[in-house]
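Peer 1: What follows is a single structure, and I will ask about it in a moment.
The values are calculated or read from the model by the stated rules, or taken from the named source; none is laboratory data. Everything numeric here is computed off the predicted structure, so don't read it as measured data. Positions of Cβ are backbone-derived with ideal geometry, glycine not excepted, and every protein chain shown enters the neighbour counts.
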Amino acid sequence: MALIVKDTLIRKRGGALPARSSGFFVSVPSVFLFGLSDGDKIIGEIEEGEETKEIKLILEKGSGDSFLHIPAEDWDMDFMREGRADLKLKEAIHGEKRKQLYPKKDVTTSPAICCRIS
């Protein structure tokens, strides 16, 4: 199952960034990414309009929000031109281990809704 983040804002960040970050990121409340650490990779899909692309995000944990950095090799200005997207985050790579984010049910969040478990 997956963590589904609806209508999230893609933002640009300066300053210190994780290695391989494009400088663009999305934020997700940290509570949805419990058990993971800085630098873990999150594998999923990003959808903007009618287009979908596989993506591997870089996690930076925060106390309230965590930041999912879009790697430079995945950043595509033509694809991510609207500045908002839906994410379907399926799996995490924690160290050498891969694990599903939500093994039993999909969990949906967005700026408009707090949390919905399907």
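Peer 1: Can you list residue pairs whose Cβ atoms sit under 6 Å apart, with the first residue in segment 15-35 being within 15 Å of Leu101 (Cβ to Cβ) and polar (S, T, N, Q) and the second being at pLDDT 85 or above and buried (at least 19 other Cβ atoms within 10 Å of the Cβ)? Count only pairs 6 or more apart in sequence or on different chains.
Peer 2: Ser30/Ser66
Peer 1: Consider Ile46 carefully, then state whether it is touching a strand residue (DSSP E or B) at 6+ places or on another chain (Cβ under 9 Å), β-branched (Val, Ile, Thr), modelled with pLDDT under 90 and more than 21 Å from Gly15 (Cα to Cα).
Peer 2: Working: touching a strand residue (DSSP E or B) at 6+ places or on another chain (Cβ under 9 Å): yes; β-branched (Val, Ile, Thr): yes; modelled with pLDDT under 90: yes; more than 21 Å from Gly15 (Cα to Cα): yes.
Answer is yes for this residue.
Peer 1: Just checking, which of Ile58, Ile42 is crowded, with 20+ Cβ neighbours inside 10 Å, touching a residue at least 40 places away in the same chain (Cβ under 8 Å), closer than 12 Å to Leu87 by Cα and under 11 Å from the mean Cα position of the chain (by Cα)?
Peer 2: On the way: Ile58 fails: closer than 12 Å to Leu87 by Cα.
After ruling out the rest, the residue left standing is Ile42.
Peer 1: Say we look at segment 45-55 and pick out the residues that are part of a strand (DSSP E or B) and free of Cβ contacts under 8 Å to residues at least 40 places away in the same chain; which of these is surrounded by the most Cβ atoms within 10 Å (Cβ to Cβ)?
Peer 2: Here is the first cut: in segment 45-55, the residues part of a strand (DSSP E or B) are 45-48, 51-55.
In the following step, the residues that additionally are free of Cβ contacts under 8 Å to residues at least 40 places away in the same chain were identified as 48, 51-55.
Values: Glu48: 17, Glu51: 12, Thr52: 14, Lys53: 13, Glu54: 10, Ile55: 22.
Applying the filter and picking the extreme gives Ile55.
Peer 1: As an exercise: evaluate Ser63 against (1) outside any strand (DSSP E or B); (2) farther than 18 Å from Pro18 by Cα; (3) of a type outside the set (Val, Ile, Thr) and give the number of the one condition it does not meet.
Peer 2: Answer for Ser63: the failing condition is (2).
Peer 1: Among residues belonging to segment 7-30 that are loosely packed, with under 14 Cβ neighbours inside 10 Å and farther than 18 Å from Lys56 by Cβ, point out the one that is modelled with the lowest pLDDT.
Peer 2: Here the answer is Gly14.
Peer 1: Could you grab me the full set of residues in segment 65-78 that are farther than 16 Å from Val5 by Cα and either among the small types (Gly, Ala, Ser) or surrounded by fewer than 16 Cβ atoms within 10 Å (Cβ to Cβ) (or both)? Show your work before the answer.
Peer 2: First, pick out the residues of segment 65-78 that are farther than 16 Å from Val5 by Cα: 71-78.
Within segment 65-78, Ala72, Glu73, Asp76, Met77, Asp78 qualify.
Peer 1: Tell me, please, whether a residue that is of a type outside the set (S, T, N, Q) and modelled with pLDDT under 90 can be found in segment 32-41. Explain how you work it out, then say what you get.
Peer 2: Filtering segment 32-41 down to residues of a type outside the set (S, T, N, Q) leaves 32-36, 38-41.
Then drop every residue that is not modelled with pLDDT under 90, which leaves 34-35.
Checking segment 32-41: at least one residue is of a type outside the set (S, T, N, Q) and modelled with pLDDT under 90.
Peer 1: For segment 12-27, state whether one or more residues are under 15 Å from Thr109 (Cα atoms) and either assigned to a loop (DSSP other than H, G, I, E, B) or over 9 Å from the mean Cα position of the chain (by Cα) (or both). Before the answer, list the steps.
Peer 2: So in segment 12-27, the residues under 15 Å from Thr109 (Cα atoms) come out as 26-27.
If we keep only those that are either assigned to a loop (DSSP other than H, G, I, E, B) or over 9 Å from the mean Cα position of the chain (by Cα) (or both) too, we end up with none.
No, that holds for no residue.
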